[in-house]
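Structure first, then comments.
The values are calculated or read from the model by the stated rules, or taken from the named source; none is laboratory data. This one's a predicted model, so the numbers in the text were calculated from it and none came from an experiment. FYI the Cβ positions are ideal-geometry reconstructions off the backbone, even for glycines, and counts take in every protein chain you see. Just so you know, the surface numbers come from the protein's heavy atoms only, side chains and all, with ligands and any DNA or RNA stripped out. Shrake-Rupley method; radii C 1.70, N 1.55, O 1.52, S 1.80 Å.
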Amino acid sequence: MAHPATPINPGPGGASAPPEAPPPVLEGASALLRERTRAAWLFLAPTLVVMVVVAGWPLARTFWFSFTDANLTDMAASQFVGLESLRQVIDDPDWWTTVWTTFRFAGVSVVLETVLGMIIALALNAKFGGRGILRAAVLVPWAIPTVVSAKMWAWMFNDIYGVVNAVLQSLGLISEPMAWTAEPGLAFGAVVAVDVWKTTPFMTLLILAALQMLPGDVYEAARIDGAGPIRAFFQVTLPMLKGPLMVAIIFRILDALRVFDVFFVLTGGGTETMPMAGYARQRMFEYQEIGVGSAAASLLFAIIALFTAVYMVVGRVKLGD
């Protein structure tokens, strides 16, 4: 049976009322969105201006100097030389020594920091008494400025009065004091050890924050399926930590590739233990070759940018996750 038609209220004079206009909801929402966007740009404007002044302008000047023969003794006499400064850097075997040292340092230190950070984060994620105090204590090395911690470790590694040699000799592990920061083979290990000691808390903090976000019912399901702790770690924890872990690793790799201070304080800037940033500083201020040093700095910037792009594409890293 057909339903009766809905009656239409007649308008004044018996005519049907015109359809009502839709409420201006979309227009109001669009205006609110534009207002919020405008407010966001107003709040961001001071930060953008500061970034352009303190980062963009020096970076642009560095790129420009890399195409000149600028010398610190007479900057006004610099001439445009094209890619000549860049060619000098690429033809210098010391540059490639610093490239190998920097990438070796980044690879070894980031791997050690990731493994140790994961172990410590898993331990701190368990429930036990005094966990809060221990979490705060773990962050102490990260809170110390790099120059201060490097100088502290330089005293500890000193071959005459350093506590490291004293402890190793008392344990019978070495027969005579070793020059930990003077011999290139030992200096690299000392620098890695100091960086791992200082930066492992950073990885621990990021991994611990990700661990606390994992749902507990997944582990309950894994336990019902008979998964032990090791199997649950590799088949449950590690896959769910992939995104945050990749982001933490890329931050550490970027920091390690531009390392300078810990090498400079511990080794004094020796060529065999010099990173890429140390090479640029040496050419700029010790040799006073601003043009060549700027070319090295620009090359360092390009290498880090290229490495980051490849890492994010290959690893499918999304910083917004």
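Things worth noting here:
- This model, with +1 at the C-beta of Lys and Arg and -1 at the C-beta of Asp and Glu, gives the chain a dipole about its Cα centre of some 1000 debye.
- Segment A305-R258, length gained on full extension (0.36 nm per residue, minus Cα span): 15.8 nm
- Dipole of the chain [Lys/Arg +1, Asp/Glu -1 at C-beta], most positive-end residue of V99, G226, G269: G226
- For T68, nonlocal amide neighbours, meaning residues 5 or more places apart or on other chains whose placed amide H falls under 5 Å from its own, are V81.
- Taking Cα centre as origin and charging only the Cβ of basic (Lys, Arg, +1) and acidic (Asp, Glu, -1) residues, the dipole magnitude of the stretch 118-212 rounds to 580 debye.
- Within the same chain, aspartates and glutamates fewer than 8 places from K198 are excluded, and of the rest, those with a Cα less than 14 Å from its Cα are E113, D255, D261.
- Remark on the stretch 41-148: hydrodynamic radius 19.4 angstrom, per the Kirkwood mean of 1/r across alpha carbon pairs.
- Between V108, P141, A77, the Cα set farthest toward the positive side of the dipole of the chain (charges on each charged residue's Cβ, about the Cα centre) is that of P141.
- The stretch 176-321 - percent of accessible surface contributed by carbon and sulfur, probe 1.4 Å: 66
- Counting only DSSP H runs of at least 4 residues, each contributing -39500 (n - 2.57), and dividing by the residue count of the chain, the helix-based mean residue ellipticity at 222 nm comes to -20500 deg cm²/dmol.
- Among the chymotrypsin sites (Phe, Trp or Tyr not before Pro) found in the stretch 153-257, those both in a DSSP coil and sparsely packed, with 13 or fewer other Cβ atoms within 10 Å of their Cβ, are Y161.
- Alpha carbon convex hull of the stretch 83-316, volume per residue in cubic angstrom: 157
- Per residue, the solvent-accessible area of the stretch 83-316 (1.4 Å probe, heavy atoms of protein chains only, all protein chains present) comes to 52 Å².
- The residues neighbouring I144, those whose beta-carbon lies less than 12 Å from its own, together hold a net charge of +2 under the Lys/Arg +1, Asp/Glu -1 convention.
- A Förster distance of 51 Å, applied to the separation of the beta-carbon atoms of I133 and W96, puts the FRET efficiency at 0.60.
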